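One structure is given here, and the rest of the page talks about it.
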Amino acid sequence: MALAVIDRDTTLPDFTNPPVEETALSIQFAPIPKFGAPHFGLYWAQIRGEFERFEVQARVANVTEQFDPSVRQRPQVGLQFLPAPDLRCWFLDKSGNRLIQIQRDRFIHNWRRVTGTETYPRYPKTRETLQAQWIRFLSFLKSEDLGSPEVNQCEITYVNHIEYGSGWRDYGELNKVVAPWSGQQSGEFLPHPERATMEMHYLLPEKLGRLHISLVPVIRARVMQEVLQMSLIARGAPKSSNVEDILSWMDLGREWVVKGFSDITTQTMHKIWGRTS
């Protein structure tokens with residue numbers, strides 16, 4: 001199958017130095033019943049030349065956007081014992097910047113900073129990689145007589161680390177970072193907040209999905225430094241399991257993530273991050 005390549009979309013906001021720490025493009029599908037523990041190793045044998053390391057991780061929960069108010073997702077309480085096939089496996093390249101994650105109901109392609117000096121590869125490149133790796137995964141499933149996955153959700157995640165001291169000093173100046181945060185208090189008793197968290201959720205048109213935005217202080221592990229983490233997750237169902245429809249939804253999700261990031265952050269920060277369009 002020929003790979004479709006897109007150039008940078010000049011109609012979207014763009015930054016020369018965005019605070020992107022990690023991106024993830026995820027494809028969720030109905031669990032593949034016959035996908036067993038040996039298939040992790042068989043799949044790794046096919047990609048080991050490019051992804052030479054692996055790690056075993058806990059399974060990522062199945063998440064589906066609901067639009068019927070009568071349907072609610074109940075939180076899982078207590079211990080849950082999962083068989084080996086319900087684990088998740090990371091396959092990492094030599095640098096650790098790129099990785100593929102698979103479990104029997106999800107396929108994820110990640111890019112992440114490891115040293116902090118890496119150049120963010122931009123969406124067209126990560127989209128191209130996702131397409132190539134997903135097609136290879138489909139071929140693997142076919143060769144192992146595991147069938148074709150029934151895709152039910154796509155997800156695109158951008159994790160941004162916003163450093164203190166660059167355009168703002170503390171949470172008394174959060175309004176210099178986050179446009180909806182007024183920074184005003186009705187009285188004079190409370191001091192500036194020590195820390196703050198926020199969550200916002202937005203419906204995509206025609207119930208194509210949702211955009212979830214969260215802000216929370218975290219410790220950046222590589223330097224043990226606290227930063228404000230802004231995560232944007234677009235999630236929804238593609239029209240079908242066809243590669244073209246999956247990529248089309250990813251493009252929509254990316255549009256909402258990028259425009260949402262631009263809308264929710266301030267022009268002050270846009271100048272610091274080098275906004276060009």
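Among the residues of the range 1-49, write down those that are open to solvent by 40 Å² or more (accessible area, probe 1.4 Å), charged (D, E, K, R), farther than 16 Å from I108 by Cβ and at pLDDT 90 or above. Across the range 1-49, the qualifying residues are K34, R48. What are the residues in the range 105-128 that are in contact with a Leu (Cβ under 9 Å, 6 or more places away or on another chain) and either open to solvent by 30 Å² or more (accessible area, probe 1.4 Å) or among the acidic types (D, E) (or both), if any? Passing the criteria: R112, E128.
Taking the range 86-198 and the strands (runs of 3 or more DSSP E) fully enclosed by it, the elements with 2 or more residues that are over 15 Å from the mean Cα position of the chain (by Cα) are at 88-92, 151-162. All told, V227 falls short of being modelled with pLDDT of 95 or more, of a type in the set (A, V, I, L, M), part of a strand (DSSP E or B) and open to solvent by 30 Å² or more (accessible area, probe 1.4 Å).
Does R220 fit the bill of being among the basic types (K, R) and free of Cβ contacts under 8 Å to residues at least 24 places away in the same chain? In short, no.
So that you can scan it fast, the table gives a plain yes or no per residue for (1) open to solvent by 70 Å² or more (accessible area, probe 1.4 Å); (2) in contact with a Leu (Cβ under 9 Å, 6 or more places away or on another chain); (3) assigned to a strand (DSSP E or B):
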site: E206; (1), (2), (3): yes, no, no
site: H212; (1), (2), (3): no, yes, yes
site: S231; (1), (2), (3): no, yes, yes
site: L247; (1), (2), (3): no, yes, no
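Here the range 168-204 is the region considered, the condition is being in contact with a Lys or Arg (Cβ under 9 Å, 6 or more places away or on another chain) and under 28 Å from P238 (Cβ atoms), and the residue that is surrounded by the most Cβ atoms within 10 Å (Cβ to Cβ) is L204.
Scanning the range 250-277 for residues that are open to solvent by 70 Å² or more (accessible area, probe 1.4 Å), part of a helix (DSSP H, G or I) and of a type in the set (K, R) returns K259, K271. Which residues, counting only those in the range 27-43, are closer than 30 Å to T265 by Cβ and touching a Phe, Trp or Tyr at 6+ places or on another chain (Cβ under 7 Å)? Hit for the range 27-43 is I27, nothing else. Candidates S262, S241: the one that is farther than 21 Å from T16 by Cα, touching a residue at least 24 places away in the same chain (Cβ under 8 Å) and of a type in the set (S, T, Y) is S241. Within the range 112-133, residues that are touching a residue at least 12 places away in the same chain (Cβ under 8 Å) and within 21 Å of E255 (Cα to Cα) have Cβ atoms under 9 Å from residues that are buried (at least 17 other Cβ atoms within 10 Å of the Cβ) and of a type in the set (S, T, Y) in these pairs: R112/T23; Y120/T23; Y123/T23; T126/T23, counting only partners at least 6 apart in sequence or on another chain.
The values are calculated or read from the model by the stated rules, or taken from the named source; none is laboratory data. Not measured: the values here are computed from a predicted model. Cβ coordinates were reconstructed from backbone atoms using ideal geometry, including for glycine residues, and neighbour counts include every protein chain displayed. All accessible areas refer to the heavy atoms of the entire protein, side chains included, with ligands and DNA or RNA removed. Shrake-Rupley method; radii C 1.70, N 1.55, O 1.52, S 1.80 Å.
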